[in-house]
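Below: one structure, written as structure tokens.
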Amino acid sequence: MIILGIESTAHTFGIGIIKSVGKKNSVLANVKDLYTTEKEGIIPAKVADHHVEVCDVVFEKALKEAKIKKENIDVIAFSQSPGLGHTLRIGAMFARSLAVSLNKPLVGVNHCIAHLEIGRLLTKAKDPILLYASGANTQVIAYEAGKYRIFGETLDIGVGNFLDTFARALGIGFPGGPKIEQLAKSGKKYKKYIELPYVVKGMDVSFGGILTNIQTKWNSQMFSKEDLCYSGQETVFSMLVEVTERALAHTGKKEVLLGGGVACNKRLQEMVKIMCKERGAKSFVPENQFLVDNGAMIAWLGKLQFDAGIVLEIEKAIIEPYLRTDEIMVKWR
Ligand code: ATP
Ligand code: FE2
């Protein structure tokens, strides 16, 4: 069976193709085109225009990479929730027209759950806690009693958004996460840790106050870029590790899986690994191309749902920008 997955929840328009024969599953293609900007933030209508412009090219590239023809596709999956309405609509439209023209079944999937399921496919993690750290999302998710539950999350912006906004204040462009990671590593060998607010409320985290604080410190010209990047990372990643550890303790699970673009950060990976080791758990990190938003993860969750009989009628294939992870009944586990 060949499954095509379309991702369009935010900046990325991605198409992934997975081939599944018996128990063997392989990613044949995972192509993406990312909307980037130097200065401004993300304007949904502009990103939607970008997706319209690139969708055909990304599709053709994916078919070429997978060495298949579009007629070989058996199932079409698309990210149905959650995300920006403007951009989700482009992916849904593309998916619906393909499903109609090829006369193939259509499956709508939840983007956050897709991050978790692709990790379970590609690593040895079986029943992990997912630390999902991306631009817009920061959630700690795990399976319990028929649903993927959110054990902790950000109360305001996502951690990637925090990094990107701070990077903009530093004038180092977008996306800021990788640049902050480099700056945090450069400079003096022993960095000075500059005290910042540490905001964990119960199982949740919040980054807005830290952002204001770190920006004020930068504007005061009393601290170096490197020290601030280092201190910002150490602070927000410690917060993420703390809530992840508490989710492990609460659920009694023994595995942590990383997902989301911020999880590409080597320091975050290291901190999670240390925490897991200390409590006899294991951490798992898929390759970067599967950490960031991608079509392959949509294809894979599409396959799981298709096998469980969860398909959409074309007329009912609407987008659900606000649907939460824990509102979905998980029939495939
Ligand atoms: P979502 O809809 O899942 O919230 P997104 O559009 O934010 O998606 P991702 O590709 O998952 O997409 O993540 C992008 C974020 O990851 C950006 O905020 C970027 O700065 C951050 N990022 C990427 N690489 C790194 C890194 N090495 N260190 C820290 N952050 C990083
Ligand atoms: Fe994502």
**Identity of the residue in the stretch 158-195, among the acidic types (Asp, Glu) and more than 16 Å from the chain's Cα centre (by Cα), that ends up farthest from ligand 2 (Cβ to nearest atom)** = Glu195
**Asked** Quick one: which of Leu88, Leu84 is open to solvent by 30 Å² or more (accessible area, probe 1.4 Å) and either touching a strand residue (DSSP E or B) at 6+ places or on another chain (Cβ under 7 Å) or within 16 Å of ligand 2 (Cβ to nearest atom) (or both)?
**Response** Leu84
**Item:** Count of the stretch 62-86 residues which are under 22 Å from Pro105 (Cα atoms) and touching a residue at least 40 places away in the same chain (Cβ under 8 Å)
**Value:** 15
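Per-residue answers, yes or no, for (1) within 14 Å of ligand 1 (Cβ to nearest atom); (2) open to solvent by 30 Å² or more (accessible area, probe 1.4 Å); (3) touching a His at 6+ places or on another chain (Cβ under 9 Å):
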{"position": "Arg149", "(1), (2), (3)": "no, yes, no"}
{"position": "Thr154", "(1), (2), (3)": "yes, no, no"}
{"position": "Asn161", "(1), (2), (3)": "yes, yes, no"}
{"position": "Phe166", "(1), (2), (3)": "yes, no, no"}
{"position": "Pro178", "(1), (2), (3)": "yes, yes, no"}
{"position": "Gln182", "(1), (2), (3)": "yes, yes, no"}
{"position": "Lys188", "(1), (2), (3)": "no, yes, no"}
{"position": "Lys192", "(1), (2), (3)": "no, yes, no"}
{"position": "Pro197", "(1), (2), (3)": "no, yes, no"}
**Message:** Exactly one condition in (1) at pLDDT below 95; (2) under 21 Å from Ile314 (Cα atoms) is false for Lys39; which is it?
**Reply:** (2)
**Item:** Residue that is within 30 Å of Phe284 (Cα to Cα) and in a loop (DSSP other than H, G, I, E, B), where the choices are Ala114, Ala77, Ala62, Ala125
**Value:** Ala125
**Fill in**
Of (1) within 16 Å of ligand 1 (Cβ to nearest atom); (2) in the same structural domain as Asp204 (by TED's automatic domain parsing), Leu301 satisfies every one except (2)
**Prompt:** Which is closer than 24 Å to Trp332 by Cβ, open to solvent by less than 20 Å² (accessible area, probe 1.4 Å), in contact with a strand residue (DSSP E or B) (Cβ under 7 Å, 6 or more places away or on another chain) and away from ligand 2 (no atom under 16 Å from the Cβ), of Ile73, Ile113?
**Reply:** Ile73
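The values are calculated or read from the model by the stated rules, or taken from the named source; none is laboratory data. From a predicted model like this one, the values you see are computed outputs, not experimental measurements. As a convention, Cβ positions derive from the backbone with ideal geometry for all residues, glycine included, and neighbour counts pool all protein chains shown. These area figures cover heavy atoms from the full protein model, side chains too; ligands, DNA and RNA do not enter into them. Shrake-Rupley method; radii C 1.70, N 1.55, O 1.52, S 1.80 Å.
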